[in-house]
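The values are calculated or read from the model by the stated rules, or taken from the named source; none is laboratory data. What you see is a predicted model; the values in this text were computed from it and never measured. Heads up, the Cβs are rebuilt from the backbone with ideal geometry, glycines too, and the neighbour counts pull from every protein chain shown. Calculation scope for accessible area: heavy atoms of the full protein, side chains included, ligands and nucleic acids excluded. Shrake-Rupley method; radii C 1.70, N 1.55, O 1.52, S 1.80 Å.
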Amino acid sequence: MKTTLPFQVAKNEQFFDKLSDYIGDVFYDLLPEKGFELRDEQIFMAFQLEQAFKNKKTIFAEAGVGTGKTLVYLLYAICYARYMRKPAIIACADETLIEQLVKPNGDIEKLEKALGLKIDARLAKARDQYVCVSKLESIVTTTDDEDINRVHEQIPSFVYQHTQSLERFTRFGDRKEYPWLSNEKWAEIAWDPLQQCSTCDLRHRCGQTLNRDFYKKSADLIICSQDFYMEHVWTKESRKREGQLPLLPEASCLIFDEGHLLEFAAQKGLTYRFHSQTLTKVLTGYMQQNVREESLLLIEEILLIHDQWFDELQQSAIHHEGSIRAYVPRSNEMLQLAAKMNGYVEQLLDQLVFDSELFTIDDYHVKMIEEYLEFLSYGLSILLKEDHGIFWLEQSEYERTFVIMPRLVESILKEEVFQANIPIVFSSATLSRNKDFSFIAQSLGIENYESFAVDSPFDYDEKMKIEVKKACIEETKWQEMKQALLDNKGQSLILFASKEEMNLFKAWASKESWPFALLYEGEKEISVTVEQFQTEKETVLCSYHLWEGLDIPGESLSQVLMSSLPFPPKDPVFDAKRNHTSNPFSEVDLPYMLLRLRQGVGRLIRTGTDSGTIQMWLTDKEHHDLWPIIEEVLPTKVKSQL
């Protein structure tokens, strides 16, 4: 799409001078004329961002709910992208939230209508957000599941007809196109890392490929999750070596929405994920080539040790509620198997050089096998070094995955992200600790930055009522929550500390009668669930994931129920953080909980006309030990306590 600046810049004029004039006109005149409220906090933020863009700086922009921070960074990102002729990348907290910016009557649509702009905003979703036709084809031959067969019926015919031209291909396969599928069913047909896309016959007609080609051509904005952006950073060089384009194009600027979450997204993006089936697939393909006997013997040894290693991982894994990550003890047997396997892998890499010189394997397959073996060897080397990595086991009905994550990511981020000479904006209501941004800057490897903080303009004392309930036996708590929902006629968001807690409530609620619908995260594609909650006023949305980012103004959301305090789970990632502090509770668990609690409270009041109630359930011990600390972060005084 061809786009132009929304203002004129003559040859003898400076872009940033004209941009400053335009931004002033927008916030002082154009938006108020369209019914937008003139906010001092928004104007202050606008001119702070101008300096960051002008000087290509990194800036932490902490702005409370209702300051209109999204409109500000959108305007700068769009204008700067058009000036630089490169798209701006906006990385949101996660995949569940990237639809929020482009939803009907969302901030992008509001800007388009108010300013007469046509904004080219395209979503770059993670690879597991697209259907894998190859997986789907194998499943439909053995299943009677109507939901999955319905997806198969909607696959375009050109996927299977190899005579059609590229011009007739249309995008398909997005998770959002199949909202009737639960997350569990979607996982059966979605792309996963076990798929050998590079050798798939359908790769050029794949929905993932077509969508990627589409979003890369955006003129203004590419919106993705922080996880996907970090995957792009991590895979950029390896994809180039394999003759592939990076997942994302070069950006004019970066916006990290809910930027306080980037460290964890970076850790996730930089993980080494070893699926129990992948090595077998790679090496089995290698064995089918004309390779020497020495190589075949090495492969057999590696596969034998690999199976023993995964069996040891599975037998020793310790599972904890609230986390899919099972703790794996750093036992001598596990480490010995890993070291032995790594030694054989390094030998096989040497043998691969000789095999390739015999010209019995084509260069493409040599490169693919070599890439994976180097990936495996480097990941194992991190595992074998004391205190260099965090590791755990994930298990499903179909697969076992061992994950290794670097403990510290600041050096990688410093080199791969923050050395770029482009404007980088961190936006969130919760970036600092009492207006001090040094903690987040150090954790991300950022040495030079600008920062500012503005509070929310809302009168929370008038708009918000907070009640604290005693969390006694589970049955009683569920009954109290039901009564609160009935009294409010639905129109409520229930936030749970974990998926397991939500499922316990769901099982209990299924036996009760309700005069309105209860919507649960995971039953359908998330943006469809959120849209239903927003449009059908007397409904209830139950979630363990939407403590942050959810934006539902108006009558649809006038009550937020917090079933438990959102402490982090006991899992290897948080245990690693705990193990490197002198006081794990006060330095890891409590700050995480308080930040998430502040975000959850922020879901209630989204505009100046919103009002409602927050109800939270605390145990006696939590109330006794933590109440003064919790009370400090709440935006208004509690009206009712246990």
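Annotations for the structure displayed:
- For q = 0.12, 0.17, 0.21 Å⁻¹, Debye-computed log10 I/I(0) when each Cα of segment 272-406 counts as one equal scatterer: -0.48, -0.89, -1.25
- If only the Cβ of Lys and Arg carry +1 and only the Cβ of Asp and Glu carry -1, the dipole of segment 464-641 around its Cα centre is close to 240 debye.
- Taking only protein heavy atoms and a 1.4 Å probe, the accessible area of segment 70-112 is 47% carbon and sulfur.
- Given their separation in residues at 0.36 nm each and the Cα-Cα distance between them, Glu474 and Lys435 gain 10.2 nm when the chain is fully extended.
- Cβ crowding within 10 Å averaged over residues, with 61-67, 605-611 ranked highest first: 61-67, 605-611
- Residue-normalised accessible area of segment 272-406, expressed per residue, 1.4 Å probe, Å²: 50
- Based on every Cα atom in the chain, Rg and the maximum pairwise Cα distance Dmax equal 26.0, 79 Å.
- Distance from the alpha carbon centroid of segment 587-642 to that of segment 474-523 works out to 19 angstrom.
- Considering only beta bridges that DSSP places wholly inside the chain, some 25 percent are antiparallel.
- Multiplying the residue separation of Leu408 and Leu296 by 0.36 nm and subtracting their alpha-carbon distance yields 36.5 nm.
- Surface per residue (accessible, 1.4 Å probe) for segment 27-142, Å²: 38
- For segment 526-635, the solvent-accessible area works out to 37 Å² per residue, with a probe of 1.4 Å and every protein chain left in place.
- Working note: 222 nm ellipticity from helices only, DSSP H runs with n ≥ 4, each -39,500 (n - 2.57), summed and divided by the residues of the chain, gives -13500 deg cm²/dmol to the nearest 500.
- Under the span-like rule (Cα at least 27 Å along the axis, Kyte-Doolittle mean at least 0.0), DSSP H helices of the chain: 363-384
- Across Lys11/Lys217; Lys236/Lys268; Lys281/Lys367; Lys125/Lys176, pairs whose alpha-carbon gap is larger than 18 Å: Lys11/Lys217
- FRET efficiency for Asp461 and Asn149, using Cβ-Cβ distance with R0 set to 45 Å, rounded to 0.05: 0.25
- Percent carbon-and-sulfur accessible area, segment 272-406, ignoring ligands, DNA and RNA, probe 1.4 Å: 51
- Note on Cys132: accessible area is roughly 20 Å² with a 1.4 Å probe, heavy atoms of protein only.
- Whole-angstrom gap from segment 222-282 to segment 201-216, using each part's C-alpha centre: 17
- The tail of the calculated P(r) for segment 132-250, taken as Cα-Cα distances beyond 22 Å, holds 41 percent of the pairs.
- Overall size of segment 248-320 from C-alpha positions, given as principal axis extents largest first: 53, 38, 14 Å.
- As an equivalent ellipsoid, segment 464-641 spans semi-axes of 26, 18, 17 angstrom, where each value is the square root of five times an eigenvalue of the C-alpha gyration tensor, largest first.
- FRET efficiency for Gln419 and Ser510, using Cβ-Cβ distance with R0 set to 60 Å, rounded to 0.05: 0.70
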